[in-house]
1. Among (1) open to solvent by 70 Å² or more (accessible area, probe 1.4 Å); (2) in a helix (DSSP H, G or I); (3) of a type outside the set (Asp, Glu); (4) free of Cβ contacts under 8 Å to residues at least 40 places away in the same chain, there is one condition Lys400 misses while meeting the rest; what is its number?
2. Does at least one position in region 407-418 carry a residue that is surrounded by fewer than 16 Cβ atoms within 10 Å (Cβ to Cβ), of a type outside the set (Phe, Trp, Tyr) and in contact with a Leu (Cβ under 9 Å, 6 or more places away or on another chain)?
3. Return the residues of region 146-184 that are within 16 Å of the ligand (Cβ to nearest atom) and open to solvent by 20 Å² or more (accessible area, probe 1.4 Å); say none if nothing qualifies.
4. What about Ala359, is it under 23 Å from Ala414 (Cα atoms), in the same structural domain as Arg279 (by TED's automatic domain parsing), without any contact (Cβ under 8 Å) to a residue 60 or more places away in the chain and not in a loop (DSSP other than H, G, I, E, B)?
5. Go through region 100-126 and report how many residues are among the charged types (D, E, K, R) and either at pLDDT below 95 or at positive phi (or both).
6. Inspect all residues belonging to region 89-102 and state whether any of them is over 18 Å from Pro139 (Cβ atoms) and touching an Asp or Glu at 6+ places or on another chain (Cβ under 7 Å).
7. Condition (residue is open to solvent by less than 10 Å² (accessible area, probe 1.4 Å) and either modelled with pLDDT under 95 or under 18 Å from Gly394 (Cβ atoms) (or both)) applied to region 201-221: is it met by at least one residue?
Amino acid sequence: MSRLVVISNRVADPRKSAASGGLAVALGSALRASGGLWFGWSGSIVEEGTPGEGSLHTQRAGPVTLATVDLCRSDYDSYYQGYSNGVLWPVFHYRLDLANFDAGYIEGYRRVNQLFARKLMPLIQPDDILWVHDYHLIPLAAELRAMGCTNRIGFFLHTPLPPPLILAAIPQSEWLMRSLFSYDLAGFQSDVDLMHFARYALTEAHAEQVSDTCFRAYNSTLRAEAFPIGIDVDEFTTLAQGEEARQMYESTRRDYGHRRLLLGVERLDYSKGLPQRIRAFRKLLTRYPENQNRTTLIQIASPSRETVRSYTGLLREIESLSGSINGDFGDLDWMPIRYIHRNVARKRLPGLYQAAEVALVTPLRDGMNLVAKEFIAAQDPADPGVLVLSRFAGAAEQLKEALLVNPYDTDGMAEIIQQALQMPLPERQARHKSLLAGIRAQDVHWWRNNFLTALQESRSA
Ligand code: GDG
């Protein structure tokens, strides 16, 4: 069996996977099975370092080697904050208005990808199979190929891929697409993302489609498919049965007494549609006043990328919207929204999912959205909660028995939340049963095996 080399911006120690979550569990178990190497940024920023340079650290974690590189301040600012999170993240989530194209971040993005390739190349063995993750590292294969790497290399994009004319707004879009063709396999979250890729490749890059899944351009053949990511259902169910989840469930139920709970959990990010959700909650309280004094929205927004400017504005907007609802509707013994801008320990999360009657997973755009799947996995099948899911989350292609909403439609969302709160038990059970079967059949192991099998089958470089 070939050794697996995983490359991603951040690296997780597979021995501590319970704290890191599903992806670390999935990739950790694949790495352990074949022996492997996980390569990425160390998380350290060297204030006075030289651009394009960084020390390599290696560490054994059982059968897995963790290899990480430090970044200097200017590389971190331009590669991570700048190009990755200030250009690619907003554009890939259809937010051209938030993208900063003019700041010259591209140089740092290229430099760090070259640095990663330089540090990684000597660690690669001839039969290794390489799996690169996410938008931070699109040009990595091209850099490795330029250094003579002939290994199979696959790429998986965790975010959405926007339609061609949005993608084309990135000044370097042609270069990014050309870089993608240095991979043997490109994986996307959903059929829609794959369709956008295919249309871009055919119309903008003048690729030739040589089979159902293969495209030829820039003298290379690239296989492209959708591989919707799943969660580790068994790992999450075990977590849900743990002591910490039980305590969380009990304390939440105790604190909220007879109140009905709506729950939102996400990193604080403009793609997640928090202001729109809070407005829909206000509408719920006015249009269906029986929810006043009776229904509480717990919104966890864990801190994320706080130094990026668009996030600071979002934080203020959410605080102001929640504050005004609490002021207008709250009472001495009822706070309509509990907005919590903190991280909840992973082991406690399932308890919160269990305490909620309805989960509001309403991103404006999302690659997949794993919270939707975690909520399903945590429910008691005998008395399950209801999932309200944005039709713009990648997960909506799979989770058809959720209540699908358009997060831009405030009235419509309020109506669907009300429908969720009133759903009879047999309907809740039936919907949950098929949702659970779906996330079990297409879990994270299924995702990983499908991707790696397709990569093995793709042409050799
Ligand atoms: C990207 C794509 C795609 C959230 N708050 C807390 C917490 N979380 C955990 C959740 C879940 C994970 O973070 C979030 O995963 P999502 O999929 O919902 O979203 P992104 O972070 O944006 O992930 C996304 C994903 O990659 C995988 O491909 O689905 O579309 O954007 O596991 O539970 N975990 C803890 N405390 C929190 O407060 N412990």
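1. So the condition that Lys400 fails would be (2).
2. Within region 407-418, not a single residue is surrounded by fewer than 16 Cβ atoms within 10 Å (Cβ to Cβ), of a type outside the set (Phe, Trp, Tyr) and in contact with a Leu (Cβ under 9 Å, 6 or more places away or on another chain).
3. Correct list: His158 only.
4. No: the conditions fail for Ala359.
5. The qualifying residues number 1.
6. The answer is no; no qualifying residue exists.
7. No.
Per-residue answers, yes or no, for (1) under 15 Å from the mean Cα position of the chain (by Cα); (2) at positive phi; (3) more than 10 Å from the ligand (Cβ to nearest atom):
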{"residue": "Ala355", "(1), (2), (3)": "no, no, yes"}
{"residue": "Ala372", "(1), (2), (3)": "yes, no, no"}
{"residue": "Ala377", "(1), (2), (3)": "no, no, yes"}
{"residue": "Gly385", "(1), (2), (3)": "no, no, yes"}
{"residue": "Ser390", "(1), (2), (3)": "yes, no, yes"}
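The values are calculated or read from the model by the stated rules, or taken from the named source; none is laboratory data. As the structure is a computational prediction, the values presented were derived from the model and not from experiment. Don't worry about glycine lacking a Cβ; one is built from the backbone with ideal geometry, like all the others, and counts go over all protein chains shown. Quick note on the areas: whole protein, heavy atoms, side chains included, nothing else; ligands and nucleic acids left out. Shrake-Rupley method; radii C 1.70, N 1.55, O 1.52, S 1.80 Å.
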